[in-house]
Amino acid sequence: QRVNVTVRSGLPMVLSGSAEPCAQLAVSSIGVVGSAEQNRQHSARLFQFLTAQLGLGPERIVIRFYPLEPWQIGKNGTVMTFL
């Protein structure tokens with residue numbers, strides 16, 4: 001209910017100067033990705049999952065974390081602040 005995933009496969013991407021297969025993950029969340037300590041823990045778990053599922057080395061994956069405020073997300077005709 002609180003997680004949305006978009007996968008865009010087959011896009012031409014270059015990571016660290018190489019066009020070898022790679023992945024970029026953007027994680028945005030309210031109150032879950034706000035600190036370096038939180039993101040270090042999330043990063044470790046996400047890298048473990050992504051390397052296993054995608055067969056990529058960790059050097060071919062980049063994760064970007066975006067902390068959000070409840071008023072920045074609209075849902076059900078309002079914003080998360082009021083849900």
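Amide H contacts for Leu25 (H built 1.01 Å from N in the peptide plane; partners 5 or more residues away or on another chain; cut-off under 5 Å): Val62, Ile63, Arg64. Remark: the range 72-83, residue by residue, has Karplus-estimated 3J(HN,Hα) of 8, 10, x, 7, 6, x, 9, 10, 4, 3, 9, 9 Hz, where x stands for each Gly or Pro and the curve is 6.51 cos²θ - 1.76 cosθ + 1.60 at θ = phi - 60°. Charging the Cβ of each Asp and Glu at -1 and of each Lys and Arg at +1, and nothing else, the dipole of the range 28-82 about its Cα centre rounds to 100 debye.
Which whole-number value in Å² is the accessible area per residue of the range 28-82, probe 1.4 Å? Write down the numbers at each step before the final one.
Values: 3860 Å² over 55 residues.
On a per-residue basis, 70 Å².
Counting Lys and Arg as +1 and Asp and Glu as -1, what is the net charge of the other residues whose Cβ lies under 14 Å from the Cβ of Leu50? Result for the neighbourhood of Leu50: +2. Normalising the Debye intensity of the chain to I(0), with uniform scatterers on Cα atoms only, and taking log10 at q = 0.11, 0.15, 0.16 Å⁻¹ returns -0.38, -0.67, -0.74.
On the basis of the beta-carbon distance and an R0 of 22 Å, Tyr66 and Ser18 show a calculated FRET efficiency of 0.30.
In order along the range 22-33, the Karplus-derived 3J(HN,Hα) couplings, from 6.51 cos²θ - 1.76 cosθ + 1.60 at θ = phi - 60°, round to 8, 9, 10, 10, 10, 10, 10, 7, 8, x, 10, 10 Hz, and Gly and Pro are given as x. Summing charges over all other residues whose Cβ lies under 11 Å from the Cβ of Leu83, with Lys and Arg as +1 and Asp and Glu as -1, gives +2.
In whole percent, what relative contact order does the chain give with Cα contacts below 8 Å and a gap of six or more residues? Don't jump to the answer; show the numbers that get you there.
Details: 73 pairs, mean separation 26.5, N = 83.
Normalised by residue count, the contact order of the chain is 32 percent.
Share of carbon and sulfur in the accessible area of the chain stands at 55%, probe radius 1.4 Å.
The values are calculated or read from the model by the stated rules, or taken from the named source; none is laboratory data. What you see is a predicted model, and the numbers here were worked out from it, not measured in a lab. Neighbour counts are summed over all protein chains in view; Cβ atoms, including those assigned to glycine, are modelled from backbone coordinates with ideal geometry. Side chains are part of the model used for accessible areas, which takes the heavy atoms of the whole protein and leaves out ligands, DNA and RNA. Shrake-Rupley method; radii C 1.70, N 1.55, O 1.52, S 1.80 Å.
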